[in-house]
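Trainee: Encoded as structure tokens, here's the structure I'll be asking about.
Bear in mind that the values in this text are calculations on the coordinates, not laboratory data. Computed from a predicted structure; not experimentally measured. Counting neighbours? That spans all protein chains shown, and the Cβs are built from the backbone with ideal geometry, glycine included.
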Amino acid sequence: MVESREEMTAKTISEFDFVLSMGDKLGEYVHQWIAVVDDKLVAKGRTPKEVYVKARKKHPTRIPFVMKVPADEVVLL
Amino acid sequence: MTWQKKPKSITCKYLAYRFSLEGPPKYIRLPMVHVYLKSGDKEFTTIGLVDSGSTATFLPCELVEILELSNLQDSSARGAGGVFPTWLAKVDVLKLIKHKEPFDTFQNVRVHIPKQTGAIPYVVLGRDTIFTHFDITFYENKRKMTFIRL
């Protein structure tokens, strides 16, 4: 069986790799929570629970990637 | 059963992008690694800041809701702005991932959770987790970091 390029890419590239590849496009989601499955941004919203639930609903068998897109606030712990 | 040797050296790119909300563009460059978290039957992946300045590992309180963590104990942590209240909890599994492969796993990880919503926007991996398994070099201008397994 021949796999499409998209299928092969989805098998080797993680959700975080996809996020890294977004470059400045990611800046459009600053301050928002996003959920990614394979190489698709499947949800965005104001809370992680909200995007997690949406992602699980769309892809019930997959483990979603959830993150808040950080702005340039100074973080000191 | 196959046995795969764990790589001695792992290099990860920084999370880097530019954005503009109002005024001039701003630049983000953060040493983030892909993190898997599991508690009970709840699991997801997210980003974790590799922070040599933090003695502990932190989890944003917003993520507690997804993991449904219980047995939260009152605690506190000291930051640059003084002492702030936290909960102490344990996460069943924390894995570090490169591409789709985990390159390290921690079990029963003790995490601090700031009680204030929005206090931290991402997981902070401090010297009690990732730094106990790796020597880490930051290449700030090349926007990458290298983990050398101990």
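Trainee: Calculate, axis by axis, the spread of Cα positions in the range A:5-68 along the three principal axes, and write the results as whole Å, longest axis first.
Mentor: Per principal axis, max minus min of the Cα coordinates gives 33, 29, 11 Å.
Trainee: Cα-based Rg of the range B:1-89 per 2.2 N^0.38 Å, rounded to two decimals?
Mentor: Its radius of gyration relative to the 2.2 N^0.38 Å reference: 1.44.
Trainee: To continue, here is another question. Between residue B:143 and residue A:46, what's the calculated FRET efficiency when r is the beta-carbon distance and R0 is 30 Å? Round to 0.05.
Mentor: 0.55
Trainee: How long are the three semi-axes of the equivalent ellipsoid of chain B, in whole Å, if each is the root of 5 times an eigenvalue of the C-alpha gyration tensor, listed from largest down?
Mentor: One finds semi-axes of 24, 23, 15 Å for chain B.
Trainee: Just to check I understand the Karplus step: with θ = phi - 60° and J = 6.51 cos²θ - 1.76 cosθ + 1.60, what whole-Hz values come out for the range B:70-75, glycine and proline as x?
Mentor: These are the phi-based 3J(HN,Hα) values: 10, 6, 7, 10, 5, 7 Hz.
Trainee: Could you point to the residue in A:27, B:134, A:43 farthest towards the positive end of the protein assembly as shown's charge dipole, with +1 and -1 charges on the Cβ of Lys/Arg and Asp/Glu respectively?
Mentor: The one lying farthest along the dipole's positive direction is B:134.
Trainee: Using a Gaussian network for chain B with springs between C-alpha atoms less than 10 Å apart, which of these wobbles most: B:53, B:126, B:23?
Mentor: Maximum among the listed residues: B:23.
Trainee: Follow-up. Can you compute the FRET efficiency between residue B:8 and residue B:72 using 1/(1 + (r/R0)^6), with r the Cβ-Cβ distance and R0 = 35 Å? Round to the nearest 0.05.
Mentor: The pair residue B:8/residue B:72 has a calculated efficiency of 0.40.
Trainee: Collect residues whose amide H, placed 1.01 Å from N in the peptide plane, falls under 5 Å from the amide H of residue B:86; neighbours closer than 5 in sequence don't count.
Mentor: Here B:75, B:76, B:77, B:115 satisfy the definition.
Trainee: Given all pairs of different Cα atoms, what value in angstroms does the Kirkwood hydrodynamic radius of the range B:103-150 take?
Mentor: Here the Kirkwood hydrodynamic radius works out to 12.9 Å.
Trainee: Can you list the equivalent-ellipsoid semi-axes of the protein assembly as shown, largest first and in whole Å, using the square root of 5 times each Cα gyration tensor eigenvalue?
Mentor: So the equivalent ellipsoid measures 25, 22, 20 Å along its semi-axes.
Trainee: What's the longest bit of chain B with no exposed trypsin sites (Lys or Arg not before Pro), using DSSP loop states and at most 11 other Cβ atoms within 10 Å as the test?
Mentor: By the stated rule (loop sites, at most 11 other Cβ atoms within 10 Å), B:9-150.
Trainee: Using amide H atoms built in the peptide plane, which far-off residues or other-chain residues are under 5 Å from residue B:103 H to H?
Mentor: B:96, B:97, B:98
Trainee: How big is the charge dipole of the protein assembly as shown about its Cα centre, in debye rounded to the nearest 20, if each Lys and Arg gets +1 on its Cβ and each Asp and Glu gets -1 on its Cβ?
Mentor: It comes to approximately 320 debye.
Trainee: Only four residue types carry charge here, +1 at the Cβ of Lys and Arg and -1 at the Cβ of Asp and Glu. Report the dipole size of chain B about the Cα centre in Debye, rounded to the nearest 20.
Mentor: 760 debye
Trainee: Calculate for chain B the 222 nm mean residue ellipticity that helices alone would give, adding -39,500 (n - 2.57) per DSSP H run of length 4 or more and normalising by residue count, nearest 500 deg cm²/dmol.
Mentor: The helix-only estimate for chain B comes to -1500 deg cm²/dmol at 222 nm.
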